[in-house]
1. For the residue pair B:GLN309 and B:ILE126, what label-to-label distance in nm results when each label sits 7 Å from Cα along the Cα-to-beta-carbon direction?
2. Using per-residue counts of other Cβ atoms within 10 Å, averaged over each peptide, order B:154-161, A:117-124, B:281-288 from highest down.
3. Take every Cα-Cα pair in region A:266-324 and report what % of them are more than 19 Å apart.
4. Taking the radius of gyration and the Kirkwood hydrodynamic radius from Cα positions alone, what is the Rg/Rh ratio for region B:87-222, to two decimal places?
5. Taking each pair of distinct Cα atoms in region A:166-324 once, what is the resulting Kirkwood hydrodynamic radius in Å?
6. What is the ratio of the Cα radius of gyration of chain B to 2.2 N^0.38 Å, where N is its residue count, to two decimals?
7. In vacuum, with every alpha carbon of the protein assembly as shown counted as one equal point scatterer, what does the Debye formula give for log10 I(q)/I(0) at q = 0.06, 0.09, 0.10, 0.12 Å⁻¹? Two decimals, please.
8. Which is farthest toward the positive dipole end of the protein assembly as shown among B:ALA305, A:LEU84, B:LEU23, measuring Cα position about the Cα centre, with Cβ charges +1 (Lys, Arg) and -1 (Asp, Glu)?
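Coordinate-derived values only; no laboratory data. None of the values given here were measured: they were computed from a predicted structure. Cβ: placed from backbone, ideal geometry, glycine included. Neighbour counts: every protein chain shown.
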Amino acid sequence: MTTLTVVQAVNQALREEMKRDDRVVLLGEDIGRNGGVFRATEGLLDEFGPSRVMDTPLAESGIIGTAIGMALYGLVPVPEIQFLDFIYPGFDQIVTNLSKFRYRSGGQYSAHVVIRAPYGGGIKGGHYHSQSTEAYFAHTAGLKVVIPSTPYDTKGLLKAAIRDPDPVIFLEPKKIYRAVKGEVPEDDYVVPIGKSKIVKEGSDVSLFAYGTMLHVALEAAEEAAKRDIDVEVIDIRTLVPLDIDSVISSVQKTGRVLILHEAPKTGGFGAEISALISEKALEYLKAPIIRVAGFDTPFPYTWESIYLPDAFRVMKAIEKIMQY
Amino acid sequence: MSVEMLQVIRAEGTYDTTLEPSLPESDLKKLYEAMILLRTLDVRALSLQRQGRIGFYIQCIGQEASQIGSAYAFEPNDWLFPSYRDAGVAIVRGLALKTLFCHLMGNSQDVMKGHQMPNHWGYRSINLVSLAAPIGVHIPVAVGVALAAKMRGDRIVTGVYFGDGATSSNDFHAGMNFAGVFHTPTIFFCQNNQYAISLPVSKQTKAQTLASKARAYGFEGVRVDGNDVLAVYKAVKEAVVKARNGGGPTVIEAITYRIGAHSTADDPKRYRVEREVEEWRKRDPIDRFRLYLQRKGIWSEDLEAKVRQQADGIVSDAIREAEKIPPPTLETMFEDVYSEMSWNLKEQLKELLSEQRDVTKR
């Protein structure tokens with residue numbers, strides 16, 4: 001066991017997977033000599049050479065489109081998009097090609113690409129270095145969407161994504177790239193895609209979160225405990241395919257649901273979780289489902305810390321749901 | 001800037017012996033047969049669509065020389081990325097026409113399982129990559145395949161087919177730029193058929209030629225008479241050999257004309273005059289090649305009759321066989337989204353099947 005940050009866990013997962021499987025190749029902007037703007041690929045160019053750690057021209061559609069072609073030919077490309085906010089020139093490639101190769105060819109082709117992108121707020125980066133647009137990808141059939149929240153899960157989930165036969169959008173919470181440290185085994189392990197995790201058991205409220213917000217959820221749960229409210233915190237970890245059974249069993253246990261994400265509320269992934277709970281477990285609910293989310297504004301600069309849900313706001317929601 | 005255009009066979013069938021590719025008589029006959037088969041397929045498929053026996057079709061009439069001549073220049077293990085108008089590429093690769101009609105009908109023997117609309121095919125067994133409708137998106141993918149093959153040390157070439165409209169797309173730029181930077185063995189085969197649906201090429205770009213765009217990306221662009229099958233073959237063959245030997249990518253602009261509509265949902269009378277179409281009909285690529293074969297002493301009335309009869313037979317048999325095949329089951333709609341069916345798909349399929357609806361009407 002060593003203590004790693006989230007970004008170090010990314011680096012370790014990539015290094016191990018590249019050693020294990022010579023089909024794994026990295027490509028993206030500034031990922032080679034520079035090691036990526038967040039240093040996620042630091043040292044990998046020296047270790048694996050320029051044909052497996054490829055600096056590319058500045059064009060996301062070129063990066064993702066080329067990666068898809070490489071995957072069709074049998075490689076396992078792991079492109080890095082510098083910020084999720086920059087992915088949109090490549091969005092056409094993701095929606096039109098990546099997600100549909102298997103389906104549109106009747107299973108003849110599949111494009112096994114893992115797109116890594118730092119996402120989310122908390123670095124004072126304004127709209128274009130802060131957004132959480134995971135719902136776009138979750139809404140596209142054929143993609144898997146994974147968001148880790150700890151160094152341990154980052155390594156295990158990224159390895160699982162690289163070994164998964166389907167295309168994966170792997171979103172890395174950049175606010176906690178270095179802020180969260182944790183024990184990570186040096187040996188090989190995977191965290192299965194499609195499984196959520198009960199991070200803290202509780203009996204009064206189910207609080208579902210992922211990425212950076214998982215830590216906000218834990219902080220709020222601690223606060224609630226001081227007031228004798230027992231919050232169950234569940235790390236969603238995989239948005240698609242969602243671990244629906246775990247979601248429903250927690251709801252059946254607590255009967256109260258809070259969903260927490262930093263993405264804007266309207267049309268966010270919380271709406272999907274909420275709808276599924278309504279369809280499958282309405283009779284267990286003791287109170288309306290509450291979503292705590294980013295506001296329906298573009299991501300602001302000055303008031304970032306207020307825009308982003310924090311333990312204070314989650315606590316208000318916990319009080320509200322308990323008083324219903 | 002040069003606007004030269006490679007031509008081997010002149011309009012009246014005379015030819016330039018210094019440019020003539022050295023193809024044996026058997027290959028010349030094969031090219032002719034393929035062009036006739038493609039024309040026959042095209043005419044019959046359009047008629048089937050008009051009769052409501054297939055839902056949609058995209059014609060390629062007038063572009064036979066471009067498609068057949070180019071596809072013939074690649075090796076079978078080269079990966080080709082056709083666009084929806086390129087049935088000729090499938091014919092050269094030897095696709096059974098029954099297989100093609102099963103796709104056009106979206107029946108249970110459609111390799112795409114009815115997941116895609118007509119003309120949006122892909123056949124892995126013959127290295128034709130499945131295509132999408134948005135223009136240009138396959139261009140960087142073709143570059144990626146070439147890059148991966150190069151990294152693996154495999155001496156294959158990729159050929160990507162698109163029209164004049166695609167040269168304005170984001171992915172044309174991205175793909176060309178990546179191909180230049182990574183020096184990939186990729187042939188960018190542009191059939192300049194003068195129209196992107198209704199927009200003439202003069203309004204698509206201010207560039208004097210489409211081939212000239214290659215220069216900005218650091219490689220060669222060649223213009224060729226797209227209604228001259230030998231010129232197309234020669235230009236593509238040279239580019240393929242160059243790419244295979246590490247010489248990098250090439251753009252080939254084949255000047256041709258879309259005689260038909262953009263698709264069966266289009267009415268070209270809205271945007272172009274019949275006189276223009278008539279002018280191009282006079283430059284028919286099949287007629288031109290026939291005159292050449294005649295001068296070479298290869299063509300005869302008997303050959304013509306035989307080739308046409310053979311083509312009619314192949315197409316009629318294919319249609320008859322394909323029309324016997326029932327539609328796919330509802331289950332297939334849920335297949336191939338992921339490598340394994342996810343819980344929500346299973347749930348939706350189960351619910352659909354429980355409705356017990358009448359599925360005889362589609």
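1. With each label point 7 Å from Cα toward Cβ, the separation is 2.5 nm.
2. Numbers: B:154-161: 23.8, A:117-124: 21.8, B:281-288: 18.0.
Per-residue Cβ counts within 10 Å, averaged per peptide and sorted highest first, yield B:154-161, A:117-124, B:281-288.
3. Details: 742 of 1711 pairs.
Across region A:266-324, Cα pairs with separations above 19 Å total 43 percent.
4. Values: Rg = 16.1 Å, Rh = 16.2 Å.
Checking Rg against Rh, the ratio lands at 1.00.
5. Over region A:166-324, the inverse of the mean reciprocal pair distance is 16.2 Å.
6. Values: Rg = 21.0 Å, N = 362, 2.2 N^0.38 = 20.6 Å.
Against the compact-globule rule of thumb, the ratio is 1.02.
7. Reported log10 I(q)/I(0), two decimals: -0.40, -0.82, -0.97, -1.23.
8. B:ALA305
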